[in-house]
Amino acid sequence: QMWEEAIALGKELAEQYENEMFDYEQLSELLRKQAQFYENIVKVIRPKPDYFAVGYYGQGFPTFIRNKVFIYRGKEYERREDFEARLLTQFPNAEKMKTTSPPGDDIKNSSGQYIQCFTVKPKLDLPSKFHRPVSEQIVSFYRVNEVQRFEYSRPVRKGEKNPDNEFANMWIERTIYVTAYKLPGILRWFEVKSVFMVEISPLENAIETMQLTNDKINNMVQQHLNDPNLPINPLSMLLNGIVDPAVMGGFTNYEKAFFTEKYMHEHPEDHEKIEKLKDLIAWQIPFLAEGIRIHGEKVTEALRPFHERMEACFRQLKDKVEKQYGVRAVLSSLEERRGSRPRSMVRSFTMPSSSRPLSVASVSSISSDSTPSRPGSDGFVLEPLLPKKMHSRSQDKLDKDDLDKDKKEKKKEKRNSKHQEIFDKEFKSTDISLQQSEAVILSETISPLRPQRPKSQVLNVLGSERRFSVSPVPPSSQLTPPPITPRTKLSFTIQPNLELNGMSSSDIPDVPPPLPLKGSTADYGNLMESQDLTSPTTSPPAHQRVSP
């Protein structure tokens with residue numbers, strides 16, 4: 001389920017398939033897998049394994065693990081007790097240590113085997129590409145993967161014990177372990193290369209605790225907004241433990257410990273940290289309000305009294321916090337996540353072709369009215385044309401054609417795809433709103449409505465155009481034949497020693513034979529005045545023709 005790593009390898013393969021091997025079939029299959037991986041990252045909830053620090057102390061262990069500490073990655077849903085049992089099976093003679101503090105030299109130099117095991121928390125190290133807030137479903141992978149720093153916190157009390165408030169003198173001794181490589185890697189365990197320890201003051205511990213609580217509420221609210229089918233029980237326990245803290249007392253203990261005049265007088269350097277803690281307390285109210293709203297929408301009738309009591313406790317808490325620490329508004333990210341789809345997804349469905357100009361052919365194939373587009377001042381904008389004027393049809397005929405057109409439009413809309421259907425709806429809405437505008441006066445010039453000629457008339461016109469001159473003539477002279485104009489005389493010369501079709505030049509007559517006689521002299525056109533080209537005065541009969 002490490003889909004992020006699979007996507008990285010898939011991109012390397014895609015580069016080979018696309019630019020080196022040109023295997024587009026494998027490329028398409030790989031891209032489909034990558035799409036499924038991205039969908040799994042957002043929708044599938046993956047279990048978070050625990051990490052354990054294991055120390056092998058004593059001279060009885062092999063040299064490669066003797067007196068060294070390793071960080072192990074546990075299996076899915078594996079508890080620490082199960083991991084210890086699995087570990088002790090490999091070293092049946094080893095003794096389990098009861099403390100988590102580092103052992104002394106007497107144990108390290110002893111001849112026995114001592115194993116120390118405790119749970120550590122991985123420290124989040126986000127990649128640099130996440131330069132803005134992202135979904136918790138995406139970040140959750142990096143909370144337990146690609147981690148190299150681990151921490152273990154141990155409470156330590158300093159000073160006099162306060163029976164009324166234990167948070168006032170509770171310090172945290174935090175040990176940070178850095179492994180040789182990031183986990184998980186080629187192995188499920190790596191050696192610890194460096195260890196250092198820091199101390200957390202009680203006020204800093206309170207700030208961290210409030211920040212973690214707010215993040216936990218926010219993450220659970222986001223999960224329920226993304227997936228409404230999640231069970232409500234974890235949300236109920238989380239909200240009730242904060243709103244009605246019957247055992248721990250909530251942040252009231254912080255107020256008693258740090259918001260007093262005595263503490264501020266003794267620790268003037270903590271003024272900024274106290275203001276930060278107050279701000280975190282104020283920010284918890286809008287997170288709780290969003291969680292209780294979702295809880296009210298999902299709660300069953302059996303849990304309705306429980307929800308009403310939780311609402312009553314929250315109203316009291318809200319009035320108190322807003323009066324002391326101010327009002328905070330709900331984060332805009334929560335409001336945006338309530339939408340059904342991201343804005344980019346909505347744009348891809350509602351504007352399929354708005355990013356490019358539409359030609360007449362593309363509009364006619366998408367819309368049902370075959371309306372051409374023309375460029376406007378703001379780019380290519382679709383504008384409706386005026387309705388076509390039918391001069392030779394009666395009103396009944398028009399109504400019948402309108403009904404037929406409506407039926408055809410309905411059938412075409414059923415055949416269209418989802419993008420085309422939504423585009424048709426938007427196009428028709430603009431058609432109605434712009435029908436009365438002044439910019440729609442070109443329908444007569446774009447689509448002429450002159451009635452077609454009959455076929456016989458078209459043939460006659462074509463025939464006349466073949467016979468007559470193309471130059472325009474006045475209407476009165478259209479029926480008279482065109483004037484006959486003399487042409488240039490043709491002269492023929494034959495070279496002396498040239499043979500044509502087996503005849504020598506002496507056998508060929510000097511004058512070309514006359515044209516065959518036809519019944520109408522109009523076919524010869526303007527050859528009437530060129531009679532001097534032929535030597536005989538009389539033409540031979542039609543059946544006596546002289547071949548050249």
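Table for the structure above
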| read-out | value |
| --- | --- |
| Estimated inter-spin distance, ASN40 and VAL134, nm [label 7 Å along Cα→Cβ] | 1.7 |
| Accessible area of the range 3-43 belonging to carbon and sulfur atoms, whole % at 1.4 Å probe | 53 |
| Point-charge dipole on Cβ atoms (K/R +1, D/E -1) for the range 45-200, about Cα centre, debye to 20 | 480 |
| The range 3-43, accessible area per residue, ligands and nucleic acids excluded (1.4 Å, Å²) | 74 |
| Carbon and sulfur %, accessible surface of the range 124-257 computed with the full protein complex present, 1.4 Å | 54 |
| Zone of ILE176's modelled label, taken as backbone nitrogen in the range 88-120 under 11 Å from a point 7 Å along Cα→Cβ | none |
| Cβ crowding within 10 Å averaged over residues, with 223-235, 114-126 ranked highest first | 114-126, 223-235 |
| Label-point separation in nm, PHE118 to ASP319, each point 7 Å along Cα→Cβ | 4.5 |
| Full-extension gain in nm, MET197 to PHE91, via 0.36 nm per residue minus C-alpha separation | 35.2 nm |
| Whole-number accessible area per residue in Å² for the range 202-332, which is evaluated in the context of all protein chains at 1.4 Å | 55 |
| Total lysine pairs under 13 Å (Cα atoms) in the range 45-200, excluding pairs fewer than 8 apart on one chain | 6 |
| Full-stretch length increase - LEU9, ASP227 - with 0.36 nm per residue and alpha-carbon distance subtracted | 75.6 nm |
| Computed lengthening from HIS267 to GLU208, 0.36 nm per intervening residue step minus Cα-Cα distance | 19.4 nm |
| FRET efficiency, 1/(1 + (r/R0)^6) with R0 51 Å, evaluated for ILE65 and ARG293 via beta carbons | 0.45 |
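The values are calculated or read from the model by the stated rules, or taken from the named source; none is laboratory data. All of these numbers come straight from a predicted model, not from anything done at the bench. Positions of Cβ are generated from backbone atoms using ideal geometry, with glycine treated the same way; all protein chains shown enter the neighbour counts. Remember, those area values only see protein heavy atoms, side chains included, never the ligands or the DNA or RNA. Shrake-Rupley method; radii C 1.70, N 1.55, O 1.52, S 1.80 Å.
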